[in-house]
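So the structure is just underneath, and the comments pick up after that.
The values are calculated or read from the model by the stated rules, or taken from the named source; none is laboratory data. Quick caveat: nothing in here was measured; it's all calculated off a predicted structure. Here the Cβ positions follow ideal geometry from the backbone for every residue, glycine too, while neighbour counts run over all protein chains shown.
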Amino acid sequence: MTAFLETDRILLRSLERGDVPTWYEWFNDPGVTQFLNKGLFPNTPAAQVDFLDAISRSRADLQLAIVSKAEDELVGVIGLHNIDWVHRHGDMSIVVGNPKYWSKGLASEAIAAVGGHAFTKLNFHKVTAGVWEPNTACRRAFEKCGFVVEGTIREQFFWRDRHVNEIRLGLTRTEWVAMGKVQSS
């Protein structure tokens, strides 16, 4: 398996068709999709293959598999989306789909690795992310990596029996450098 990025505990690599059976099931699991715009309609392997093909061709998206090094197991997916090459920013998404890896710090490792790639290799100025307000674990993972709350989009998502806010977070290259993560160019 060829790693695109690597940390102590995870490999980040291109998604492959062999990942589809695991990946698509996550988006049919109410526990995994409770804070996502997924799971509203049944997902199918064919739909997931179509998505994989489309995102693999995209010049505005980078989607990677998160793989546990210890168990060589697909843990989740992480991506940069809506990449704006002129203004040098993109929006990060992450799903740890395998519940046995929840609350283990792997999301923070993946966020830090992709954030570092965005600033050092893609020459981003800023990375943003949005989380549903009840998803405190995801928010903490981003904040652990230096992301700060930039705003709240009120009542953006319907969750359970009510509308909930979207918390928008961001991290600039200057902030990343100040944390001692990368060298300024």
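Does the range 155-173 include one or more residues that are surrounded by fewer than 14 Cβ atoms within 10 Å (Cβ to Cβ) and hydroxyl-bearing (Ser, Thr, Tyr)?
Within the range 155-173, not a single residue is surrounded by fewer than 14 Cβ atoms within 10 Å (Cβ to Cβ) and hydroxyl-bearing (Ser, Thr, Tyr).
Would you be able to say whether some residue in the range 28-46 is within 19 Å of LEU11 (Cα to Cα) and touching a residue at least 24 places away in the same chain (Cβ under 8 Å)?
So far as the range 28-46 goes, no, none of its residues is within 19 Å of LEU11 (Cα to Cα) and touching a residue at least 24 places away in the same chain (Cβ under 8 Å).
For PHE157, work out the one condition from (1) touching a residue at least 40 places away in the same chain (Cβ under 8 Å); (2) part of a helix (DSSP H, G or I) it doesn't fulfil.
(2)
Show the residue pairs meeting these rules: Cβ distance below 7 Å; 6+ apart or different chains; first residue within the range 1-22 and closer than 11 Å to ILE66 by Cβ and touching a residue at least 24 places away in the same chain (Cβ under 8 Å); second residue assigned to a loop (DSSP other than H, G, I, E, B) and of a type outside the set (Gly, Ala, Ser).
From residues that are closer than 11 Å to ILE66 by Cβ and touching a residue at least 24 places away in the same chain (Cβ under 8 Å), the pairs are ARG9/LYS69; ILE10/LYS69; LEU11/MET1; LEU11/LYS69; LEU12/PHE4; ARG13/MET1; ARG13/THR2; ARG13/PHE4.
Taking the range 19-58 only, how many residues are more than 17 Å from the chain's Cα centre (by Cα) and under 23 Å from ALA112 (Cα atoms)?
Of the residues in the range 19-58, 0 are more than 17 Å from the chain's Cα centre (by Cα) and under 23 Å from ALA112 (Cα atoms).
May I ask you to list the residues in the range 160-185 that are of a type in the set (A, V, I, L, M, F, W, C) and assigned to a strand (DSSP E or B)?
Result: VAL164, ILE167, LEU169, LEU171.
Tell me, which helices (runs of 4 or more DSSP H) lie completely within the range 1-87 with 1 or more residues that are buried (at least 18 other Cβ atoms within 10 Å of the Cβ) and modelled with pLDDT of 95 or more? Break it down stepwise before answering.
Details: elements: 20-26, 30-33, 45-57.
Result: empty, no element qualifies.
For the range 115-132, check the following and say yes or no: at least one residue is without any contact (Cβ under 8 Å) to a residue 24 or more places away in the chain and under 18 Å from the mean Cα position of the chain (by Cα).
Yes.
I'd like to know if the range 133-140 contains one or more residues that are under 15 Å from GLY31 (Cα atoms), in contact (Cβ under 8 Å) with a residue 24 or more places away in the chain, touching a helix residue (DSSP H, G or I) at 6+ places or on another chain (Cβ under 8 Å) and crowded, with 20+ Cβ neighbours inside 10 Å.
Within the range 133-140 (the criterion being under 15 Å from GLY31 (Cα atoms), in contact (Cβ under 8 Å) with a residue 24 or more places away in the chain, touching a helix residue (DSSP H, G or I) at 6+ places or on another chain (Cβ under 8 Å) and crowded, with 20+ Cβ neighbours inside 10 Å), the answer is yes, since at least one residue qualifies.
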